[in-house]
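Participant: So that we are looking at the same thing, I have put the structure below in structure tokens.
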Amino acid sequence: MIWYPSCVATIARRVYETLQDAFEESCDDTARNMIDGMLVNFGYSAVSGSDQAVLGGCAQLLSFTSSAVSSAVYYAQHSLNKGKHVGNCLPVLSEDAMLAYETPADALKSVVSSEQETQVLCMIDAEDVSDMIATIAAEQLQNNVILAIHFETEDIAAAVLNVLRALKEAFGYTTNTKGFTVLSCAGIMVRDVDMATIELLSGMHISLPCVISLLM
């Protein structure tokens, strides 16, 4: 009850400090408030039960505000924080849900609309990225979709840079006051990363979902 959430909280804090350094170097001050949502917890699928999900999820919420573990967000807010807001549960379009459709792009078009205010996390494999980017562009969903991508490669940094170039070409970009590119789209998530990769990739348009590496 003490060791596990302490380890999760420690790792989450280390990630937060790494992101702080990256934001200081590459992002304008107006973007600093985005750090709190950069590590998203998808840990329910990686734990042994609901109690562990709540423990690890609450530990992650000590440093970050984004989570897909609704039980942890609910418990932290209503049992630990007197009902005060502590985090956000993000809607997720998972690979399992996409199996009901012919392609991941068809699944995306069926559940996401450019008129909606919330962003949706679309979880896909790297091989589907090109088709998904084309669909997002055609449906004008660049502000509504965050791509959560799983890369089957050891060189995740290079693979992510290729995706970022594709997003840059599809949706355009601006340059901030520090000379760094800011994409004109919601951004991407990098799944299954370690601290070395985080140090390479952390910045304004890359979120880092925590699953097995953080919650186990």
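The values are calculated or read from the model by the stated rules, or taken from the named source; none is laboratory data. Keep in mind it's a predicted model, so treat the numbers as computed, not measured. Positions of Cβ are backbone-derived with ideal geometry, glycine not excepted, and every protein chain shown enters the neighbour counts.
Participant: For the stretch 1-43, enumerate the residues that are of a type in the set (S, T, N, Q) and touching a strand residue (DSSP E or B) at 6+ places or on another chain (Cβ under 7 Å). Break it down stepwise before answering.
Facilitator: Kept after step one, since they are of a type in the set (S, T, N, Q), are these residues of the stretch 1-43: 6, 10, 18, 20, 26, 30, 33, 41.
SER26, ASN41 - these are the residues of the stretch 1-43 that are of a type in the set (S, T, N, Q) and touching a strand residue (DSSP E or B) at 6+ places or on another chain (Cβ under 7 Å).
Participant: Can you say whether MET132 is touching a residue at least 60 places away in the same chain (Cβ under 8 Å), surrounded by 15 or more Cβ atoms within 10 Å (Cβ to Cβ), closer than 19 Å to SER207 by Cα and not small (Gly, Ala, Ser), as far as the supplied structure shows?
Facilitator: No, not satisfied.
Participant: How about the stretch 13-51: which of its residues are touching a residue at least 24 places away in the same chain (Cβ under 8 Å) and small (Gly, Ala, Ser)?
Facilitator: Passing the criteria: ALA22, SER26, ALA31, GLY37, GLY43, SER45, ALA46.
Participant: May I pose another question? Of the residues that sit in the stretch 52-74 and are in contact with a strand residue (DSSP E or B) (Cβ under 8 Å, 6 or more places away or on another chain) and either without any contact (Cβ under 8 Å) to a residue 12 or more places away in the chain or in a helix (DSSP H, G or I) (or both), which one is nearest to GLU17 (Cα to Cα)?
Facilitator: Among those that are in contact with a strand residue (DSSP E or B) (Cβ under 8 Å, 6 or more places away or on another chain) and either without any contact (Cβ under 8 Å) to a residue 12 or more places away in the chain or in a helix (DSSP H, G or I) (or both), it is GLN60.
Participant: Continuing with the same structure: Out of curiosity, is ALA186 out of contact with any His (no Cβ under 7 Å at 6 or more places or on another chain), in a loop (DSSP other than H, G, I, E, B), touching a residue at least 40 places away in the same chain (Cβ under 8 Å) and under 21 Å from MET38 (Cβ atoms)?
Facilitator: It is true that ALA186 is out of contact with any His (no Cβ under 7 Å at 6 or more places or on another chain), in a loop (DSSP other than H, G, I, E, B), touching a residue at least 40 places away in the same chain (Cβ under 8 Å) and under 21 Å from MET38 (Cβ atoms).
Participant: Which residue, of ASP29, ASP36, is farther than 27 Å from PRO91 by Cβ, of a type in the set (D, E, K, R) and surrounded by fewer than 19 Cβ atoms within 10 Å (Cβ to Cβ)?
Facilitator: Values: ASP36 fails: farther than 27 Å from PRO91 by Cβ.
Going through ASP29, ASP36 in turn, the sole match is ASP29.
Participant: Same structure again: Please count how many residues of the stretch 89-136 are part of a helix (DSSP H, G or I) and either more than 25 Å from ARG165 (Cα to Cα) or modelled with pLDDT under 85 (or both).
Facilitator: The number of residues fulfilling the criteria is 6.
Participant: While we're on this one: Specify the residue that is surrounded by the most Cβ atoms within 10 Å (Cβ to Cβ); the eligible residues are those in the stretch 75-88 that are in contact (Cβ under 8 Å) with a residue 24 or more places away in the chain and in a loop (DSSP other than H, G, I, E, B).
Facilitator: This residue is GLY87.
Participant: Any chance the stretch 167-180 includes a residue that's modelled with pLDDT under 70 and either outside any helix (DSSP H, G or I) or surrounded by fewer than 16 Cβ atoms within 10 Å (Cβ to Cβ) (or both)? Show your work before the answer.
Facilitator: Here is the first cut: in the stretch 167-180, the ones modelled with pLDDT under 70 are none.
No, that holds for no residue.
Participant: Would you confirm whether or not the stretch 64-74 contains a residue that is loosely packed, with under 15 Cβ neighbours inside 10 Å and over 16 Å from the mean Cα position of the chain (by Cα)?
Facilitator: no
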